1. Looking only at region 498-507, decide whether some residue is surrounded by fewer than 16 Cβ atoms within 10 Å (Cβ to Cβ) and under 24 Å from the mean Cα position of the chain (by Cα).
2. Given (1) modelled with pLDDT under 95; (2) charged (D, E, K, R); (3) within 22 Å of Asp524 (Cα to Cα), identify the lone condition not met by Glu117.
3. Being open to solvent by less than 50 Å² (accessible area, probe 1.4 Å) and within 35 Å of the chain's Cα centre (by Cα) narrows it down to one residue among Gln78, Gln124, Gln71, Gln12; which is it?
4. In region 293-331, which residues are touching a helix residue (DSSP H, G or I) at 6+ places or on another chain (Cβ under 9 Å) and on the phi > 0 side of the Ramachandran plot?
5. Go through region 128-203 and tell me which helices (runs of 4 or more DSSP H), entirely inside it, have 1 or more residues that are open to solvent by 30 Å² or more (accessible area, probe 1.4 Å) and in contact (Cβ under 8 Å) with a residue 24 or more places away in the chain.
6. Tally time: how many residues in region 489-506 are more than 18 Å from Val120 (Cα to Cα) and either modelled with pLDDT under 95 or assigned to a strand (DSSP E or B) (or both)?
7. From the list Phe333, Phe328, Phe360, which residue is over 30 Å from Gly50 (Cα atoms), open to solvent by 50 Å² or more (accessible area, probe 1.4 Å) and among the aromatic types (Phe, Trp, Tyr)?
8. Just to be sure I understand, how many residues within region 15-56 are part of a loop (DSSP other than H, G, I, E, B), within 30 Å of Pro540 (Cα to Cα) and open to solvent by less than 30 Å² (accessible area, probe 1.4 Å)?
Amino acid sequence: MGFIEQNYGIEQTSPLMTDKYHFTTAYAYWLEGRADNPSVFYMFGRKEAGGSGYTVAAGLEGVIDIVKRWQEHGLTKQDTDYLRTLKTPKGKRQFPDAFIDYLQKMEFKLKIDAAPEGSVFFPQEPVLRVEGPIAQVKMLESVALCLLNGHSAYATQGARQTDVLTREMDNGSPAGSASVQGLRRGPGLGAAIEASRSLGIGGYTTTSTGTAAKSFAQAFAGTMDHAWVMTHGAEIGELTYAELLDLKKQGKTAELKDALKGDAFRSFAFAHPESGILLVDTYDPVQGLENAITVIKELRAQGLGEHYGVRFDSGDIVKYSKLALRRFAEEGFIEGLDTAGVKKMSDADLLKHADKCSVFCAAADGIDEYTAQKMREEGAFFSAWGIGTAGSHVPPLGLVYKAAAVYMGVLDGKDAPEGADMTPVMKVAAHAPVKSSNPGRINSRRFYDDNGKLAQVVIYDERLGLAEDGKQVNLRDFTDVKNAPANMVQKDLLVPVFDAEGKYVYQAPAQKETFAGSGVLTTDLAAMARFVRSELETLPEDVRRVSRKPEDVLKDRLLALFNKAQAAGEDVMNVDMKALSEGLPAQPKRIPVYLDAKLFAQRMDCEQKHLGHGRAANKSGVESYTERFEGEGSPAPAAKVKQKQPRIGGK
């Protein structure tokens, strides 16, 4: 069962869940007699997910659920009743009954190919390709973009966060795992639940959101909160854990309850003797740590508390984690170390033994992949990481869904003539060429080196195939033309999801029961996370690099200079540009993306054809650019402005 089917009703996810213009254009196509014309659309991104060298595909399961529902139910009666109420500015019916009857008969037998959920993909690569009657293909656009833009963003953040937390560190900072703790930070209930799922695909191992845990078979994680501590007389009371057990054995219930209400840590341990995390910084983190150690030692004396730890969520938590590690070592919680030896060890030396500590530390305080990486580099002793805002407030991606081919003639619902082909089309955007698309039935071919690392991708039109001579054009520099690498393992990105008859044919990921005895199956997110890890392993290390964006670092530096000048009462702030720009973090490298020579030639023909529709002033605008990547467009050298396309073979 997919997550849309699990969490949303039929009325919420009918074909009305799309943008208005899909109905207005469908009506116009219907009047033209072209609403059922064969077409191909595809979804792609113009840049990698924010700050990353890659993007993780997620949300396909939702698209599958939507298409299955549309095939089974179509527009509901409420939908059609609503559409009949829409009026033009002059009060006339916007859509006649005959058109609404046509909408009700849509079968949504769409041919869909997609990047498997959990795959990594790169700018201009197709992550979803949809073929079928143009009005129906367009109807799917908005909801498909909603799902893939949101879920791919969550999954990418999850992958990057997990990559940072699980890497082996030379300094001994322990590897850890992330927990989704974003319900209170989420933009809405549905978003919070769905975020938990796709962060899990990226690698988060637990969630604090109960509905998500129940629906997606995620581990339900939680500790205590500050309110728990604040609503007790103290962090610890006067009676030991053993003495509290004696009261219970003696049946002195009133005395026991009276003692527990004044003892936050022991009361929690009394309720959860096997495992728990004690929140130690409600008042004084140093004293809170000592109180927690006291309780954990008392638990251990009873043969309990094997899986206990402490949590810091405010202040200099890296410093407190180092203190915690030292105190744990001094109290004998690290096998092989004695108190006398510990006193002679530096924090750096102690960290080398962190993996042997039987008490752990958890962190939570506005943590993201960048702060977690910095904390680990500084020697933090954390193995559990609660991620709230950074996981729940990931900005959606900017994936787009564009027409790539269509049968142009008027068919009036009849089949296209035998042997007739679709016309390749593309968005040119002469005034903003970074927003252009590619024409044809677009796919992507991956090339892997002898070490199994992804070396490059080549975008091509399946109808044309790859150029026989292997020529390809660099999509970041149209003047860079080369031959495709020889003797490399090759693999296409897209796989079938629905066949040409609209039949579901996707090889779905592994399933598991949502919880014991539920009888409901859901995608095994742990298995999906392992697939994502295997995908990341195919990427060079410098592509996986996690680094703050230079502009963010520059903003911080400028703000520091401003605050310093303001504090000194200066009217003018002088900036040393060289010093300001020194030491900016190295950014992730990019996987080379190429355009097959046949597709490139088709693309250039389409540009000229489409530009011919406009005013003469626009006909050369696109030629002043040599690449098609968002945020990187720059005018070509003057000598090359009139070059319509690079030479890709022959004289």
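The values are calculated or read from the model by the stated rules, or taken from the named source; none is laboratory data. As the structure is a prediction and not an experimental result, all values here were calculated from the model. Note: ideal-geometry Cβ built from the backbone for every residue, glycine included; neighbour counts use all protein chains shown. Just the protein is used for accessible areas: all its heavy atoms, side chains included, with ligands, DNA and RNA removed. Shrake-Rupley method; radii C 1.70, N 1.55, O 1.52, S 1.80 Å.
1. Looking for residues that are surrounded by fewer than 16 Cβ atoms within 10 Å (Cβ to Cβ) and under 24 Å from the mean Cα position of the chain (by Cα), one finds at least one in region 498-507, hence yes.
2. Condition not satisfied by Glu117: (1).
3. Testing whether each residue is open to solvent by less than 50 Å² (accessible area, probe 1.4 Å) and within 35 Å of the chain's Cα centre (by Cα) leaves just Gln124.
4. Residues satisfying the conditions are Gly305, Gly315.
5. So the answer is 141-166, 189-202.
6. Number of matching residues: 2.
7. On inspection, the qualifying residue turns out to be Phe360.
8. Summing the residues that are part of a loop (DSSP other than H, G, I, E, B), within 30 Å of Pro540 (Cα to Cα) and open to solvent by less than 30 Å² (accessible area, probe 1.4 Å) in region 15-56 gives 8.
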